[in-house]
């Protein structure tokens, strides 16, 4: 399926009005967010030419599990990321989505981000799917007992691998690492949300990472209105009913204050 009549908006005021109307007239709206919503809160992205992976090679899950040096390097990075995540503040786009979710105008937020800003903005837990996990805490790979990331600093600086106090298993940031299988329940919930919505909004995602990148297409195939709000073109622009090319925090600012 392809659309030749996609409308493009580059004016913030117009974009805000159109987005408000989308939420008002659709009964079940689902949103997919990517790095673009969090870069506006000062969190670096991963895949752009100046992003994190441009200077740091991702550590594969198997390397984390089997190689102590890789594991400790991953932990050193997680400490840096944690500091960035916790010092950042949810912006107007995060706050608008939280208000819309609480008011019943937004059914589900699926996020590729691991910074925890959607949780902190106030989106109810049962309306949030953190597809790639959450980097603001760790958990045990064996028993899933949660643990604080900063609490592991002394252990890491001493050259030891953080271990679970409950069972002795390896602790790891609660994110889906490269080469690690995504929790099936999380993905199935996201797929069900995409297939069951009236409108699907993509906010700040390049749609380059699967399986998240397949969700807008599933929604469009099921008959949902597809709206992509991203500063740069994406591979699925040809499926969108509407393309919006403005900063997210500015576009959603009035929606954060409405009501």
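With contacts taken as Cα pairs under 8 Å and at least 6 residues apart, the chain reaches a relative contact order of 29 percent.
Helical content of the chain, expressed as a calculated mean residue ellipticity at 222 nm, amounts to -10500 deg cm²/dmol (DSSP H runs of 4 or more residues, -39,500 (n - 2.57) each, divided by residue number, nearest 500).
Given the choices [x] -0.61; [y] -0.54; [z] -0.68, log10 I(q)/I(0) by the Debye sum over Cα atoms at q = 0.11 Å⁻¹ derived from the coordinates of this structure is entry [x]. Equivalent-ellipsoid semi-axes for the stretch 128-259 (Cα gyration tensor, √(5λ), whole Å, largest first): 36, 18, 14. Estimated at 0.36 nm per residue, the fully extended path between residue 158 and residue 21 surpasses their Cα-Cα distance by 43.8 nm.
Here the stretch 137-234 carries DSSP beta bridges of which approximately 55% are antiparallel, counting only pairs with both residues inside. In this simple spin-label model, placing a label point 7 Å from the Cα along the Cα-to-Cβ direction at both residue 57 and residue 141 gives a separation of 1.9 nm.
How much FRET efficiency would the formula 1/(1 + (r/R0)^6) give for residue 79 and residue 103, where r is the Cβ-Cβ distance and R0 is 51 Å, rounded to 0.05? About 0.85, to the nearest 0.05. The orientation-averaged projection of the convex hull spanning the C-alpha atoms of the stretch 45-152 amounts to 7.9 square nanometres. Rounded to the nearest 5, what is the percent of antiparallel bridges among the DSSP beta bridges in the stretch 83-175? Of the beta bridges lying entirely in the stretch 83-175, close to 75 percent run antiparallel. When peptides 82-91, 178-187 are ranked by their average number of other Cβ atoms within 10 Å per residue, the highest-first order is 82-91, 178-187.
Of the beta bridges in the chain, as assigned by DSSP with both residues counted there, near 25 percent are antiparallel.
Computed from the coordinates by the stated procedures, all read-outs in this text should not be read as laboratory data. These numbers come from a predicted model, not from an experiment. When we count neighbours, we look across all protein chains shown, and the Cβ atoms used for this are built from the backbone with ideal geometry, even at glycine.
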